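The values are calculated or read from the model by the stated rules, or taken from the named source; none is laboratory data. Just so you know, these numbers come straight off a predicted model, no measurement behind them. Counting neighbours? That spans all protein chains shown, and the Cβs are built from the backbone with ideal geometry, glycine included. Just so you know, the surface numbers come from the protein's heavy atoms only, side chains and all, with ligands and any DNA or RNA stripped out. Shrake-Rupley method; radii C 1.70, N 1.55, O 1.52, S 1.80 Å.
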Amino acid sequence: MMFSPWKDGRPTVVVGLMSGTSLDGIDAAIVRIEGSGLAASVELLHYYSKAYEPELRQRLRDLCVEANSNSALICNMNAFLGYQFGAAVLEAVADAGMHVDEVDLVSSHGQTIWHQPVPEQGDPYAVASTLQIGDISAIAKHTGKLVVGDFRPADMAVGGQGAPFAPYGDWILFRHPERGRLLQNIGGIGNCTALPAGADPSDLLAFDTGPGNMVIDAVAHILSGGRLLYDDGGNWAAQGKPDRVLLDEMLAHSYFGTPPPKSTGRELFGHSYAVSFLEQAKLRKLSDEDAMATATAFTAHSIADSYENYVFPRHGIDEVIVTGGGARNKTLLSMLGELLPGQKVMTSRTLGFDDDAKEAVIFALLGNDFMLGVPNNLPAATGAFRPTVMGKLALP
Ligand SMILES: Nc1ncnc2c1ncn2[C@@H]1O[C@H](COP(=O)(O)OP(=O)(O)OP(=O)(O)O)[C@@H](O)[C@H]1O
Ligand SMILES: CC(=O)N[C@H]1[C@@H]2OC[C@@H](O2)[C@@H](O)[C@@H]1O[C@H](C)C(=O)O
């Protein structure tokens, strides 16, 4: 079964949907794509984002915590989010001043609620697994569009981590013939892609560096009594000083000593991590400002240490390009700049690319490849033992 416009080799208009681990909402990128695979070229036509309402965000946060979650809640939310994603597609198209008939495909990441790339030890039933919810049939029936989604399990089924996928788009969007670039996304989790000058896809090195905003957000939320969802601009952290002793304890986490490929999520650095961090901060009598500064320094140091340990020994890097919501945290960026004195640290906006849209653009590319039967995982990034076509299709 081959659909137009892929059958005729025409450019396609795809709505890529991404809902990240920070649980902040739905990003939609409407793009025009020509070609496929790593040779594709992509033009961003419109970017639209819709924040989750606070109650929905809280329910999703609960779904990610074993003690607060159950199968009935997950089952319901899978369908509910499908309709939310469908509605977001229609809103994005209207916001772009386009008609839904102009769209060929919707490609949806879904909302990760569990990601376990390394099976639990000692359980004979344990395998690598990952769960992104937001039913693609609900999106397809709501929008009347073909929908591709549920990409990650396919990579795991061929031995990969099911993440990170960003390197695929980083290579298409940011590779440079003369400059070595290090792309650092700071969303809920931090993930990086090293693109040596004139990189070949097999030279790529990519992995999750650890927490992005996840710990910072949780600490801001708890310390503000639920008033703040994040530390705007990093202003709160800027008023404090990181506690070196606590920071060193945090950086001794086994995740940081594990060489790539590796990926992580709320399972390691979610709510319970933040709660135990705050218990330690209390024992050490840290002020709220110092606790915020320590949580922020934790992300900055985990990123810089990852580069020192795994990237710089292998690749020449000239510039570090930061994307994701963490690019708006000035304190985090200045800490990162201080820890990387030999590097030019900049945001992707400096290069004229709207960093908020990047991940949604990448999922549009992955969905387009799926429709052509083109392998869309990057074994160099995910650790898979072979390339494969990732995704599943729902008809309108
Ligand atoms: N003005 C701001 N100041 C500080 N931090 C901000 C600001 N705006 C956004 N952020 C941070 O960025 C986060 C959202 O980032 P982003 O949308 O890139 O994450 P995500 O895509 O959900 O996560 P991931 O990339 O891990 O899947 C917020 O939760 C917040 O911590
Ligand atoms: C399981 C999951 O949803 N992982 C996300 C998350 O957000 C950042 C990091 O953790 C990355 O591994 C991934 O998303 C991006 C898009 C990726 O696959 O590269």
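When the accessible area of the chain is split by element with a 1.4 Å probe, what percent falls to carbon and sulfur? Present the calculation step by step, with values, prior to reporting the outcome.
Working: 8380 of 16300 Å².
In the chain, the share of accessible area belonging to carbon and sulfur is 51 percent.
In square angstrom, what is the accessible area per residue of segment 256-295 with a 1.4 angstrom probe? Using a 1.4 Å probe on heavy atoms only, each residue of segment 256-295 averages 48 Å². How far apart, in nm, are two points set 7 Å out from the Cα along the Cα-to-Cβ line at Leu251 and at Phe312? So the two model labels end up 1.2 nm from each other.
Once the Cα-Cα distance is subtracted from the 0.36 nm per residue extended length, the Gln239 to Arg57 segment shows a gain of 62.7 nm.
Given the pairs Lys241/Lys262; Lys262/Lys392; Lys7/Lys392; Lys145/Lys392, which span a C-alpha to C-alpha distance of over 20 angstrom in this model? Violating the 20 Å limit, Cα to Cα: Lys241/Lys262; Lys262/Lys392. In this simple spin-label model, placing a label point 7 Å from the Cα along the Cα-to-Cβ direction at both Met2 and Asn70 gives a separation of 5.0 nm. Model label points for Glu289 and Ser276, set 7 angstrom from Cα along the Cα-to-Cβ axis, are 3.0 nm apart. Run the paramagnetic zone check for Asp354: 7 angstrom along Cα to Cβ, then residues of segment 38-61 with backbone nitrogen under 16 Å. Only 42-51 fall inside the zone, counting backbone N under 16 Å.
For Arg227 and Glu34, compute 0.36 nm times the residue count separating them, minus their Cα-Cα distance, and round to one decimal in nm.
Details: separation 193, 0.36 × 193 = 69.48 nm, distance 4.48 nm.
Working it through step by step, the gained length comes to 65.0 nm.
Electrostatic tally near Thr21: other residues with Cβ closer than 11 Å to its Cβ, Lys and Arg +1, Asp and Glu -1, net -3. Reported to the nearest whole Å, the Cα centre-to-centre distance from segment 120-150 to segment 344-372 is 22.
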